[in-house]
Amino acid sequence: MLREFKKGDIFFNYGCLPRTWEDPTYVHPDAEGCRGDNDPVDVCEIGLRIVNTGGIRPVKILGILCMIDEGEADWKVVAVDAEDKWAPFLNDIDDVEKLLPGTLSAIREWFRTYKIPDGKPPNVFGLDEKFMNKQYALEIIKECNHAWKDLITGEKERNLDKHDPVVRSLVRKLSKSNLVDLNPWDDEDESPSF
């Protein structure tokens, strides 16, 4: 089901990275003590093309923001469509601020306030509200890709004894879904490219 925001439209393309999972049993050291939000990693694509709902585009990763949404870590990757006219000039998060001033602040403020029309408080952010660079973003993506592999192969479920019953139930439900059919790796060491 498509999601609508009472706040109104987003000025960037909003989607997710396939084959990633923000593990609700894992607390990243920079996430203010919050667990993952049980979703794929979100992507804010800042190119000029409007991507149709459900569209898939190759992107260049530029950076990442750690949003804390109702007590859960909800990473927001900033990327640009690899075929966008800005793509050759945007290689890291500092390039966005330099060449497209105000874009990062607008992204942060949209996410800070988008739930206020629903009667919820503003969202907060980890890492002093800073967008982290491309290298940091790639590490988060890599962690979330490994978490996804552990989920779909059943490895995550086999190691749930130390977690509370709600988290165990959530992970078991996900690991038994049709996500297993999406595992493209025969070799344990093979990794996807982004």
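Please report, largest first and rounded to whole Å, the three semi-axes of the ellipsoid equivalent to region 13-182, where each semi-axis is the square root of five times an eigenvalue of the C-alpha gyration tensor.
With the √(5λ) rule applied to region 13-182, the semi-axes are 28, 19, 14 Å.
In nm, to one decimal, how far is the modelled label at Cys16 from the one at Thr113, with both set 7 Å along Cα→Cβ?
2.7 nm
Counting only residues 5 or more places away or on other chains, whose amide H sits under 5 Å from the amide H of Val78 once H atoms are built in the peptide plane?
Cys44, Leu62, Gly63, Ile64, Leu65
Taking region 28-110, which GluC sites (Glu not before Pro) meet the DSSP loop condition and have no more than 16 other C-beta atoms within 10 Å?
Passing sites in region 28-110 are Glu32, Glu70, Glu83.
I'd like the FRET efficiency for Val51 and Val27, computed as 1/(1 + (r/R0)^6) with the beta carbon distance as r and R0 of 30 Å, rounded to 0.05.
With R0 = 30 Å, the Cβ-Cβ based efficiency is 0.40.
Computed on alpha carbon atoms, what radius of gyration and Dmax characterise region 2-66, expressed in Å?
When restricted to Cα atoms, region 2-66 yields Rg and Dmax of 13.6, 37 Å.
Quick one: which residues, 5+ away or cross-chain, put their amide H under 5 Å from the amide H of Val59? H built at 1.01 Å from N.
Residues meeting the amide H criterion: Ala82.
What translational diffusion coefficient, in µm²/s and rounded to a whole number, does the Stokes-Einstein relation yield for region 57-156 at 20 °C and a viscosity of 1.002 mPa s, taking the hydrodynamic radius as the Kirkwood radius over Cα pairs?
Taking Rh from Cα pairs, D becomes 144 µm²/s.
Which value, in debye to the nearest 20, describes the size of the charge dipole of region 48-88 about its Cα centre when Lys and Arg Cβ atoms bear +1, Asp and Glu Cβ atoms bear -1, and nothing else is charged?
With only Lys, Arg, Asp and Glu charged at Cβ, the dipole is about 340 debye.
FYI, it's all coordinate maths here, none of it is from the lab. Keep in mind that this is a model prediction, so the values were computed, not measured. Here the Cβ is made from the backbone with ideal geometry for all residues, glycine too, and neighbour counts use every protein chain on show.
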